[in-house]
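Just below is one structure, and these are the notes that go with it.
The values are calculated or read from the model by the stated rules, or taken from the named source; none is laboratory data. Computed from a predicted structure; not experimentally measured. Using ideal geometry, Cβ is built from the backbone for each residue, glycine included, and neighbour counts are taken over all protein chains shown.
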Amino acid sequence: MKVILLSHTAEPEKQIALAANLCYSNTDIMEISKKFYSKEQQEKLINILLNNNHLSPFEHASFTFGIEGVSRALSHQLVRHRIASYSQQSQRYVTMKKDVPYVLPLSIAKSKYKDAFVKYIDEGKKLYDLMVKDGIPKEDARYLLTNATCTNIIVTMNARALLNFFELRCCQHAQWEIRKMAFIMLAEVKKVAPIIFRDAGPSCKRGFCRENDNKCSWFNIFSRLEKQDLNMQDL
Ligand SMILES: Cc1cc2nc3c(=O)[nH]c(=O)nc-3n(C[C@H](O)[C@H](O)[C@H](O)COP(=O)(O)OP(=O)(O)OC[C@H]3O[C@@H](n4cnc5c(N)ncnc54)[C@H](O)[C@@H]3O)c2cc1C
């Protein structure tokens, strides 16, 4: 899995501070936009917004990610997040090569089913290849490719949608592959917008569990991941 933050709104935190300021100001927009916002002012304004659940200003900062080598099982979950823009590698136009990568879940890799799983995927790829060479349209041949098949996708989300995404997908209750991707995305946006995303992540980070799971110990693991005291690979 490769996750790259391709681009983002210039000075995302200033942009949000500016939008917040506008809501409470009777000066004109040019005046407000020329104003200097120190990091402290930005943080103060952003905290007021977060504490008051006044989230629309967060929609003015966008982040675009390039994501490679994730499964179609993941991308199907990802695109359920409607407040986002997506461009995904097409299986109608792109021929899946014989060596098209796929995701092998650890639970299967460690099990007695590993060989059967790999064989099943390989057989499917061979049949796909045969059919495409024989003139079956790619858009039909792809029906036999599995959810494990890798895909590449570009996704753009604004900061508000991302906060929601991180809450849902960094949680222990999220599926492992999308959780891993969400965690990498969070680490990337924190580098460029640490104030906005300081408390982003599963709801336990903000002191409650949206899943009402009092047996979950994810908060400790998540905190260790954030401090880089633990690697995703170690899980
Ligand atoms: C652990 C987990 C398990 C899941 N299991 C299932 C499952 O079994 N089956 C399944 O189908 N899905 C499942 N989902 C997907 C889930 O139901 C959501 O579709 C997905 O997480 C996207 O979340 P969202 O709607 O908040 O995000 P977005 O679509 O990005 O929407 C963001 C927010 O905008 C608002 N919004 C967006 N569209 C509308 C609208 N049409 N009407 C009103 N408000 C709107 C909502 O407040 C929403 O929270 C699961 C998700 C998780 C995290």
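Among the residues of segment 212-235, those that are surrounded by fewer than 16 Cβ atoms within 10 Å (Cβ to Cβ) and charged (D, E, K, R) comprise D213, K215, R224, K227, D229, D234.
Condition check ((1) assigned to a strand (DSSP E or B); (2) touching a residue at least 12 places away in the same chain (Cβ under 8 Å); (3) closer than 21 Å to V192 by Cα; (4) of a type in the set (D, E, K, R)) across all residues:
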site: K14; (1), (2), (3), (4): no, yes, yes, yes
site: N26; (1), (2), (3), (4): no, no, no, no
site: I32; (1), (2), (3), (4): no, yes, no, no
site: F36; (1), (2), (3), (4): no, no, yes, no
site: Q41; (1), (2), (3), (4): no, yes, yes, no
site: G69; (1), (2), (3), (4): yes, yes, no, no
site: L74; (1), (2), (3), (4): no, yes, no, no
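Evaluate segment 81-95: report whether one residue or more is charged (D, E, K, R) and either under 26 Å from R198 (Cα atoms) or not assigned by TED's automatic domain parsing to the domain that holds F165 (or both). Checked against the condition, which is being charged (D, E, K, R) and either under 26 Å from R198 (Cα atoms) or not assigned by TED's automatic domain parsing to the domain that holds F165 (or both), segment 81-95 yields at least one hit. Being over 17 Å from H8 (Cβ atoms), surrounded by fewer than 17 Cβ atoms within 10 Å (Cβ to Cβ), more than 16 Å from the ligand (Cβ to nearest atom) and in contact (Cβ under 8 Å) with a residue 24 or more places away in the chain is a description that does not apply to D140. The combined condition, being under 28 Å from F183 (Cβ atoms), without any contact (Cβ under 8 Å) to a residue 60 or more places away in the chain and either out of contact with any helix residue (DSSP H, G or I) (no Cβ under 7 Å at 6 or more places or on another chain) or part of a strand (DSSP E or B) (or both), is not fulfilled by S87.
Name the residue that is farthest from the chain's Cα centre (by Cα), counting only residues in segment 211-231 that are of a type in the set (D, E) and more than 16 Å from the ligand (Cβ to nearest atom). This residue is D229.
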